[in-house]
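Engineer: Handing you a structure now.
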Ligand SMILES: *Cc1c(COP(=O)(O)O)cnc(C)c1O
């Protein structure tokens, strides 16, 4: 399997290099050159299989033989053994034809665990085979950092450095990162805000000389392996509800569009999907683009669904690339226009996208209302991100006879503010985390100065 850049000016890579590279040198994102296809019989044969077996069948073509089957199965098994539900991503019925796909049974209670548990293990395997060590650097405003740390804690050939703004993340979020006490896990609290932390990570990727030749690896949502791992639960949930004999629809709480793009890949690979509903919070660039052809930046609004607080949706470029029939020149021009100001999608292309994609934006007041309403109607306590999906599914669904699967992207205990605002006393942490608030923490506080951070990373890696 080979991977090409959406901007067309970087050489094609194999699986191993695409996982280790992240962003293409031309600024584009890598996508598979050709997609595997699962025909009716191949999908029908997956019904009833364990999650890990479906995962192996769905992802194997993307690896293209670069990891042997037995090893790849082992990496998958180890990744999903960390989940506290045997179904890994169980489905729950909400209404006669509306289902919740619970993606939050991993170690940090959010859907990012599904991809990061596997990505950490794949990276570690590839690095060991090359006899190399890698350094991961990331900045977090609270949520992604912990999922990346949990995915790497057991990796011998990886060191992970996560920067968070000191005293600006919640105690639960900080503790999910800082109580992972492992030699290769390094938490840095920056005396500054999230933007300071992110700027230092970006500068470190741009000039990696402080690592004297060692590889710096990005695990953000543009890494192809994360998309690949997320395709699995679309297939698993659809076959559980009768695919390929009937179609299903999905509603996805969205920000960087990595989750939804995985669903789109599943559809292109043969899964019968009738509709995708994109749910956003008040940071609604995806909704404005689909609904109004307003592809433009707006100032960031902090919301009750903070993991969806974005200005630019990085993985949307992958969808545009497909919508423009893989015309890399047109994508480069469109994104240049976008960088300089408001951009417009070609109306014919947008029309085609609207046949498959609908969108809906849910602001904070509505999130609070939905949490209350969903509990009344279904007995389920939704987290604020999932709440945007629940509302969008009801508002933008094209056909009530087709099963709607709404993706539950986080556990409500992780985002108590919204739950409390909705009038609930809170949501208890699952058993495995009951002692989170009393566990030993380990982190260092550093000034928001690039040389200090880089010296720390260089000195603490193995
Ligand atoms: C990251 C995240 C999202 C958004 O997913 P994208 O792949 O960026 O669209 C939604 N909900 C939660 C809880 C998240 O952590």
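Readers should treat all values here as calculations from the given coordinates under stated rules, not as data from a laboratory. Since the structure is predicted, the reported quantities are computational estimates derived from the model, not experimental observations. All Cβ positions, even for glycine, are placed from backbone atoms using ideal geometry, and neighbour counts span all protein chains on display.
Engineer: When the Debye formula is applied to the Cα atoms of region 64-121, each taken as the same point scatterer, what base-10 log of I(q)/I(0) results at q = 0.14 Å⁻¹?
Structural biologist: Normalising to I(0) and taking log10 leaves -0.46.
Engineer: So, one more: As a test of the formula, what do you get for the chain when each DSSP H run with n ≥ 4 contributes -39,500 (n - 2.57) and the sum is divided by the residue count, at 222 nm and rounded to the nearest 500 deg cm²/dmol?
Structural biologist: Working: 18 runs with 199 residues, N = 462.
Value at 222 nm, helices only: -13000 deg cm²/dmol.
Engineer: Take the Cα atoms of region 1-127, build their convex hull, and give its volume per residue in Å³. Show your work: numbers first, answer last.
Structural biologist: Details: hull volume 18.6 nm³, N = 127.
Residue-normalised Cα hull volume stands at 146 Å³.
Engineer: State the percent of C-alpha pairs, over all pairs in region 117-166, separated by a distance greater than 14 angstrom.
Structural biologist: Details: 572 of 1225 pairs.
Considering region 117-166, 47 percent of its Cα-Cα pairs are separated by more than 14 Å.
Engineer: Okay, moving on. Could you tell me whether region 70-189 comes out rounded, prolate or oblate from its Cα gyration tensor? Rule is a ≥ b ≥ c as square roots of the eigenvalues, rounded for a/c under 1.5, then prolate if a/b exceeds b/c, otherwise oblate.
Structural biologist: Details: a/c = 2.73, a/b = 1.22, b/c = 2.23.
Note, shape of region 70-189 comes out oblate.
Engineer: Under the Kirkwood approximation for Rh and a Cα-based Rg, what ratio Rg/Rh is obtained for the chain?
Structural biologist: Numbers: Rg = 20.9 Å, Rh = 22.4 Å.
Rounded to two decimals, Rg/Rh equals 0.93.
Engineer: Moving to a separate point now. Need the full-extension length gain, residue 339 to residue 395, defined as separation in residues times 0.36 nm minus the C-alpha distance. One decimal, nm. Please list the in-between numbers first.
Structural biologist: Details: separation 56, 0.36 × 56 = 20.16 nm, distance 3.17 nm.
Extra length available between residue 339 and residue 395 comes to 17.0 nm.
Engineer: Of the peptides 448-460, 18-30, how do they stack up when ordered by the mean number of other Cβ atoms within 10 Å, highest first?
Structural biologist: Values: 448-460: 15.4, 18-30: 19.8.
Packing proxy ranking, top to bottom: 18-30, 448-460.
Engineer: With the Cα gyration tensor of region 342-390 in hand, give its eigenvalues times 5 under a square root as the equivalent ellipsoid semi-axes, listed largest first in whole angstrom. All intermediate terms of the calculation are to be shown ahead of the outcome.
Structural biologist: Working: eigenvalues 202, 31, 9 Å².
Listed largest to smallest, the semi-axes of region 342-390 are 32, 12, 7 Å.
Engineer: Could you bin all the Cα-Cα distances of region 191-297 into 5 Å bins starting at 0 and give me the percent of pairs in each, rounded to whole numbers?
Structural biologist: It works out to 2, 10, 15, 15, 15, 14, 11, 8, 6, 3, 1, 0, in whole percents.
Engineer: What full-extension length gain, to one decimal in nm, is calculated for residue 205 and residue 167 as 0.36 nm per residue of separation minus the Cα-Cα distance? Mind dumping the intermediate values first?
Structural biologist: On the way: separation 38, 0.36 × 38 = 13.68 nm, distance 2.53 nm.
11.1 nm is the gain from fully extending residue 205 to residue 167.
Engineer: Per 0.36 nm of contour for each residue apart, how much would the distance between residue 442 and residue 34 grow if the chain were fully extended, relative to their Cα-Cα spacing? Spell out each step's value before the answer.
Structural biologist: On the way: separation 408, 0.36 × 408 = 146.88 nm, distance 4.48 nm.
Additional length available on full extension: 142.4 nm.
Engineer: Related question: How would you order 369-376, 343-350, 233-240 from highest to lowest mean count of nearby Cβ atoms within 10 Å? Mind showing how you got there, number by number?
Structural biologist: Details: 369-376: 18.5, 343-350: 14.9, 233-240: 25.1.
The peptides rank, most packed first, as 233-240, 369-376, 343-350.
Engineer: So if we plug the beta-carbon distance of residue 450 and residue 69 into 1/(1 + (r/R0)^6) with R0 = 45 Å, what FRET efficiency do we get, rounded to 0.05? List each step's numbers first, then the result.
Structural biologist: Working: r = 44 Å, r/R0 = 0.97.
About 0.55, to the nearest 0.05.
Engineer: Kindly rank 52-64, 279-291 from highest to lowest mean number of other beta carbons found within 10 Å of each residue. Present the calculation step by step, with values, prior to reporting the outcome.
Structural biologist: Values: 52-64: 19.8, 279-291: 23.9.
In descending order of packing, they fall as 279-291, 52-64.
Engineer: Run the simple label-point estimate for residue 214 and residue 14 please: 7 Å along Cα→C-beta, distance reported in nm.
Structural biologist: Going from the residue 214 label point to the residue 14 one covers 2.6 nm.
Engineer: Moving to a separate point now. Evaluate the distance, in nm, between pseudo-label points positioned 7 Å from the Cα of residue 378 and of residue 78 along their respective Cα→Cβ axes.
Structural biologist: Output for this residue pair reads 3.5 nm.
Engineer: Determine the equivalent ellipsoid of region 120-213 by diagonalising the alpha-carbon gyration tensor, then write out the semi-axes as square roots of 5 times the eigenvalues, largest first, rounded to whole Å. Intermediate values should be presented prior to the final figure.
Structural biologist: Values: eigenvalues 105, 59, 16 Å².
Here the semi-axes work out to 23, 17, 9 Å.
Engineer: Report the label-to-label distance for residue 421 and residue 301 in nanometres (one decimal), using points 7 Å from each Cα along the Cα→Cβ vector.
Structural biologist: The two pseudo-label positions are separated by 1.1 nm.
Engineer: Would you mind checking the radius of gyration and Dmax of region 347-462 based on alpha-carbon positions, in Å?
Structural biologist: That works out to 21.0, 59 Å for Rg and Dmax.
Engineer: Follow-up question, since we're still on this one. Express the C-alpha Rg of region 280-368 as a ratio against the empirical globular expectation 2.2 N^0.38 Å, rounded to two decimals. Mind dumping the intermediate values first?
Structural biologist: Details: Rg = 13.5 Å, N = 89, 2.2 N^0.38 = 12.1 Å.
The value comes to 1.11.
Engineer: Rg/Rh for region 93-146 to two decimals, with Rh computed the Kirkwood way over all alpha-carbon pairs.
Structural biologist: Working: Rg = 16.1 Å, Rh = 13.7 Å.
Ratio value, two decimals: 1.18.
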